[in-house]
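J.: This is the structure I want to talk about, given as structure tokens.
The values are calculated or read from the model by the stated rules, or taken from the named source; none is laboratory data. Everything quoted here is computed from the prediction, not taken from an experiment. Every residue, glycine as well, gets a Cβ built from its backbone with ideal geometry; the counts of neighbours run over all protein chains shown. Ligands, DNA and RNA are stripped out before the accessible areas are found, and what is left, the full protein with its side chains, is counted by its heavy atoms. Shrake-Rupley method; radii C 1.70, N 1.55, O 1.52, S 1.80 Å.
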Amino acid sequence: MRILIVDDEPELVRKLQNILEKLGYTIDTAFDGEEAVERIYTDHYDLILLDIMLPKKNGFGVLLELRNEQKNTPVLMLTAKGGVDDRVKGLDLGADDYLAKPFSTDELLARIRALLRRSSGLVSPLLEISNLSLNPATREAFIDERPLALTTKEFSILEFLLYNKNRVISRFSMAEHIWGDEFDPFIMSNNIDVHIKNMRQKIGHGGDKIIRTVRGAGYMIKDEKK
Amino acid sequence: MRIRYQITLWITLAGVFASLILSLVIFFELIEESHELLDQELEANARSLAKNFEFLAEGPSTQISAVKYFTPYWVRITDGKYRVLYESETVEKVDLPLKETTVIYSVPTNIPLNRLFSTLEEDEDELATFRVFIYSFSFSGQEYQLQIARPIENRTHEIIELSGIIGGGLAISALILILISYHVSGRILHPIKKINFIASEFSERTLDKRVPLGEQKDEIYELSSSLNSMFDRLQFSFLRQKEFIANASHELKTPITLLRLSLAELLQEEETSPSQIEKLEKLNETVLRIERLVKSLLSLSSLELSDTLSPEEFVLNELTDSLIEEFHPLVTAQNIQFISDIDDQITVKADREQMKRVFINLFENAIKYNQDDGEIRLQMWSDKQNGTVIIDLFNTGHGVPIEYYERVFEQFYRVEKSRSTALGGVGLGLTITKKIIELHNGTISLNGKLGSWVQFHITLPILMC
């Protein structure tokens, strides 16, 4: 899951980046509104953390441009405490949720999970497919109640596929979402293949049924019930 | 020699030379002047004696009074045939030769001065020199000659003293000149120093800095204003270039994004057949390649345009460890051994994001051009004496011909073009890597053996003590 953090306080950004990266999210940062717009135009994020008070172009301006581009990336607004007007304005402009500063890390993480879930059209907090279930909050995976020991990266890949279930995901765009664009997706796509191979082995019987290979295109997790 | 010293030297030399000339003129004038005064005095006395010749001729009584009057002059009056008519008392003591012309001349004698001037002290045994004036006149048809003389005061002492004073004065004035001209030249050159400082510091960060203009419209003012207008033009083109890059990036990135979105949409369509999916994915790959090329170009030009890094303190080996971890599955799948040999803890101050990029580029490079069952070896150590971190990254593989060691860092330069393109490179990775290292004042070089191995050697002065 690739997240863009937009805030003009470098210290806060670094802290958030460290926390989220440890959890397996891929983070990009922008320190002003123009940089944020630039990034939004070129990259593909699963979520944006957006501060309202920004130099060069404020958060509302960034939101406006994002929605004008017909991008439906979920946006979590970070506002100053008590700024009711700001929150109303932000939500009306297309933000999906808000969080007043200062906030607790746990609340931020919960809201991020909720937003990712909602934008994927999911109701349950658990990501489930046939006998596989993932809990993004605890980052635990189970196969028929049996815990599955996944590495951070493996969990992220599986999580990404589950959030985008029933869609064919290209190896390159997977690489981009998992590692960000600092890494070369043409090299990292090979890495994806290795990870998928390892995960299938861990899942055991039926592993290649759950994570399907779409020849020449990528991977997909498909809900059989549909 | 610095201009300040040159100005000081020349002003001082010119000043000393001028005052030396002036002193010499005054010096000689003073010596001459005293003679002139004496000569005028002798001549005046000679004339008045000649006028009073009538009384002198009358009798001894007037003679005596005249003699008293003319002490301490040496006086002798002769007629046309050089017979002595009158002699003053001093003539007995000093015999002065007589010359026939009407001239003024000096005659040295061997008579000590103190015998002529009682006021002089005994021990001053200088010899007297006489100044003689000869005056011819006629009186009731007869030709007469008057010789009048006076001892000249010896001026050697005064001359020596005067020369001493002049020398001392010259030395003092030279010293004052040095001080003043040093100070003045410093004041003149100060604006130039300032201009130089601003011009040398001029960079992307100080685009709006200008040389302050003085109040007087002098040469410095002209220099400053022409420099300022040059800075204006530079700033303009800097901003134009920046604007161009921003615009170009936007113009290029938007259609690419649209393409990618449309392709992703098509991939999800139910009716898309597997063979179409395959083609679409190939298309997607190409679009992605263009996108990466655009991004690399833009990040390279923004690195070249701005020299702003945001350094922070971090542990370098933690960064490399986490990056190696990312590549681990891939490396293992190719049965490549990734060995890292690192000093305990290397704390550095550098731009973390940019350093991350350097290592990602280098690691990707080492994997891309490696062989199955190959090896990658990362060695890092800190050189505390020089405050540098030294990094060696070795990998097995095809290697690089020696003549390309420099060229691999050039834009779009690839040793094996076909192979590199197949591996997804856009030909800017090492250029960006080198640029980032240079922005950190470091160096990167290549070494190796063709067909066997290559090694990047990096030194970075970013160590924290």
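J.: Looking at the structure I just gave you, is B:T254 at the interface with another protein chain (Cβ under 10 Å from one of its Cβ atoms), outside any helix (DSSP H, G or I) and more than 27 Å from the chain's Cα centre (by Cα)? Reasoning before the result, please.
T.: Working: at the interface with another protein chain (Cβ under 10 Å from one of its Cβ atoms): yes; outside any helix (DSSP H, G or I): no; more than 27 Å from the chain's Cα centre (by Cα): yes.
Here the answer is no, as B:T254 does not meet what is asked.
J.: Any idea which of B:V25, B:V103, B:V107, B:V67 is modelled with pLDDT of 75 or more, assigned by TED's automatic domain parsing to the domain that holds B:A149 and either surrounded by fewer than 13 Cβ atoms within 10 Å (Cβ to Cβ) or touching a Ser or Thr at 6+ places or on another chain (Cβ under 8 Å) (or both)?
T.: B:V25
J.: Look through segment B:335-392, keep the residues that are basic (K, R) and within 47 Å of the chain's Cα centre (by Cα), and return whichever of them is most open to solvent (accessible area, probe 1.4 Å). Steps first, answer last, please.
T.: First, the residues of segment B:335-392 that are basic (K, R): B:349, B:352, B:356-357, B:368, B:377, B:384.
Filter again for within 47 Å of the chain's Cα centre (by Cα), leaving B:349, B:352, B:356-357, B:384.
Working: B:K349: 105, B:R352: 65, B:K356: 29, B:R357: 56, B:K384: 154 Å².
Filtering segment B:335-392 for residues that are basic (K, R) and within 47 Å of the chain's Cα centre (by Cα), the one most open to solvent (accessible area, probe 1.4 Å) comes out as B:K384.
J.: Additional query: Consider B:E271 carefully, then state whether it is at pLDDT 80 or above, open to solvent by less than 50 Å² (accessible area, probe 1.4 Å) and over 25 Å from B:E438 (Cβ atoms). Full working, then the answer.
T.: Values: at pLDDT 80 or above: yes; open to solvent by less than 50 Å² (accessible area, probe 1.4 Å): no; over 25 Å from B:E438 (Cβ atoms): yes.
So B:E271 fails the test.
J.: So, one more: Sort out which residues of segment A:210-226 are within 25 Å of A:S133 (Cβ to Cβ) and either at the interface with chain B (Cβ under 10 Å from one of its Cβ atoms) or in contact (Cβ under 8 Å) with a residue 24 or more places away in the chain (or both), and write them in order of number.
T.: Initial filter on segment A:210-226 (within 25 Å of A:S133 (Cβ to Cβ)): A:210-214, A:218-226.
Passing the criteria: A:I210, A:I211, A:V214, A:G218, A:Y219, A:M220, A:I221, A:K222, A:D223, A:E224, A:K226.
J.: Among the helices (runs of 4 or more DSSP H) confined wholly to segment A:160-226, which include 2 or more residues that are modelled with pLDDT under 90 and assigned by TED's automatic domain parsing to the domain that holds A:Y45?
T.: Numbers: elements: A:171-179, A:185-203, A:207-210.
Hits in segment A:160-226: none.
J.: Within segment B:323-351, track down each residue that is under 20 Å from A:M199 (Cβ atoms) and aliphatic (A, V, I, L, M).
T.: Those that are under 20 Å from A:M199 (Cβ atoms) and aliphatic (A, V, I, L, M): B:L330, B:V331, B:A333.
J.: When you scan segment B:275-289, do you find a residue that is part of a helix (DSSP H, G or I), facing chain A (nearest Cβ under 9 Å) and at pLDDT below 80, even just one? Quick ask: steps written out before the conclusion?
T.: Looking only at segment B:275-289, we keep the residues that are part of a helix (DSSP H, G or I), and these are B:275-289.
Applying the additional criterion that residues be facing chain A (nearest Cβ under 9 Å) yields B:275, B:277-282, B:284-285, B:288-289.
Pick out the ones that are also at pLDDT below 80 and you get none.
Scanning segment B:275-289, I find no residue that is part of a helix (DSSP H, G or I), facing chain A (nearest Cβ under 9 Å) and at pLDDT below 80, so the answer is no.
J.: Taking the condition of being more than 8 Å from chain B (Cβ to nearest Cβ) and buried (at least 22 other Cβ atoms within 10 Å of the Cβ), how many residues in segment A:177-188 meet it? Walk me through how you get there before you give the answer.
T.: In the first step, residues of segment A:177-188 are kept if they are more than 8 Å from chain B (Cβ to nearest Cβ); the result is A:177-178, A:180.
Of the ones still in play, those that are also buried (at least 22 other Cβ atoms within 10 Å of the Cβ) are A:177-178.
Looking only at that region, the number is 2.
J.: Further question: (1) under 19 Å from B:L463 (Cα atoms); (2) within 13 Å of another protein chain (Cβ to nearest Cβ); (3) touching a strand residue (DSSP E or B) at 6+ places or on another chain (Cβ under 6 Å): which one isn't true of B:E353, the others all being true?
T.: (3)
J.: Are any residues in segment B:301-328 polar (S, T, N, Q) and touching a strand residue (DSSP E or B) at 6+ places or on another chain (Cβ under 6 Å), and if so, which ones?
T.: Applying the first criterion (polar (S, T, N, Q)) to segment B:301-328 yields B:301-302, B:306, B:308, B:310, B:317, B:320, B:322.
Correct list: B:N317 only.
J.: Considering every residue within segment B:294-317, establish whether at least one is surrounded by 17 or more Cβ atoms within 10 Å (Cβ to Cβ) and of a type in the set (D, E, K, R).
T.: yes
J.: A further question on this structure: I'd like to verify a number: residues in segment A:122-157 that are open to solvent by less than 10 Å² (accessible area, probe 1.4 Å), under 18 Å from A:E21 (Cβ atoms) and either outside any loop (DSSP other than H, G, I, E, B) or within 14 Å of chain B (Cβ to nearest Cβ) (or both), how many?
T.: Going through segment A:122-157 one residue at a time, the tally reaches 4.
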